[in-house]
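This report concerns only the one structure given below.
Please treat every number below as a calculation from the coordinates, not as lab data. Everything numeric here is computed off the predicted structure, so don't read it as measured data. Glycine also receives a Cβ, built like all others from the backbone with ideal geometry; neighbour counts cover every protein chain displayed.
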Amino acid sequence: MSHQDRYEEAVIKDNLFHRRLSDLRNSSLTQEHIAAIAELNRPAERTMFSQPEEQKTILSHEDVERIAYYDDLAPVYNFKYFMRKLDREMRRSKRYNRPLSVLCVAFQGINNIGRDHSSIAQDNAVYWVGEHLLTSTRMDVDMVGRFGDERFLVVLPETPGSGATIVAERMRKKFEDNCIQHQWHKIFVQASVGIAYFPGHGTNAQELVAKADLAAELVQARGGNGTAFCPE
């Protein structure tokens, strides 16, 4: 018997066990038992000496979706969900032999905003960056996710390396020309954009992200505020 067969047999046995256990519990419950349980679970009458009930937090569908899919601060995907989406796009690109590009957009100095101004200013900066990245992409096609404290990732489906260069330069220029307004301060952040594309730089999601990240580091090493491909 193969390992897969043994695994499936174990799953079947486990399911049968829990089904039998449930049947046994149900058959042992009489109407008197059910009435007694209902009585125990009935809320007690409140008096002036009763302790206040603990308020329970009820999450809406939107709240659950926000927690599961999106970053805590920026209006973009969190890293875990972003990688799932990227992996799916990679499989589609490989199956149909379609181009795909990944950008790593690094912002050196965001962490210093909290030190120089306030933690609120830093949180606002992260949100502002995420919002500007979204408006620089095709929101119905492209995907933006947070990679780290000062890094974001952008997936450009159906986009070869030449097209990704145009998008990357447009992003870089947008951050160069705009600033974050915090109270009476104007805070500038510069974008260093690394570019990797399929199939030239890799054939899986992790490889493309690593190559784009390396390219962004190369841009930062040259002083930042620029774009670059990762060496093939």
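If you stretched the chain out fully between Glu158 and Asp140, how much longer would it get, using 0.36 nm times the residue separation minus the C-alpha to C-alpha distance? Don't jump to the answer; show the numbers that get you there.
Numbers: separation 18, 0.36 × 18 = 6.48 nm, distance 1.28 nm.
Residue separation times 0.36 nm, minus the Cα-Cα distance, leaves 5.2 nm.
Over 24 Å between C-alpha atoms is what I'm after, so list which of Lys80/Lys174; Lys94/Lys211; Lys173/Lys211 land there.
On the way: Lys80/Lys174 27 Å; Lys94/Lys211 18 Å; Lys173/Lys211 22 Å.
Where the Cα-Cα span goes over 24 Å, the pairs concerned are Lys80/Lys174.
When DSSP beta bridges are limited to those with both residues in the range 61-229, what percentage is antiparallel, rounded to the nearest 5?
Numbers: 24 of 29 bridges.
Here the antiparallel bridges make up roughly 85 percent for the range 61-229.
For Leu214 and Lys174, compute 0.36 nm times the residue count separating them, minus their Cα-Cα distance, and round to one decimal in nm. Walk me through the intermediate numbers first.
Working: separation 40, 0.36 × 40 = 14.40 nm, distance 2.22 nm.
Here the segment from Leu214 to Lys174 would lengthen by 12.2 nm.
In angstroms, what radius of gyration and Dmax does the range 61-229 have, counting Cα atoms only?
15.6, 52
Over the range 100-232, what is the mean sequence separation of C-alpha contacts under 8 Å (at least six apart), divided by residue count, expressed as relative contact order in percent?
Values: 246 pairs, mean separation 41.0, N = 133.
For the range 100-232, the relative contact order is 31 percent.
Sorting check: for 98-104, 76-82, 185-191, 172-178, which peptide has the highest mean count of neighbouring beta carbons within 10 Å, and how do the rest follow? Don't skip to the answer; put the middle values down first.
Values: 98-104: 24.6, 76-82: 19.1, 185-191: 16.9, 172-178: 15.1.
Packing proxy ranking, top to bottom: 98-104, 76-82, 185-191, 172-178.
Quick one: length gained pulling Arg95 to Asp116 fully straight, 0.36 nm per residue minus the C-alpha distance? Could the numbers behind the result be given before it?
Values: separation 21, 0.36 × 21 = 7.56 nm, distance 4.89 nm.
Extra length from Arg95 to Asp116 when fully extended: 2.7 nm.
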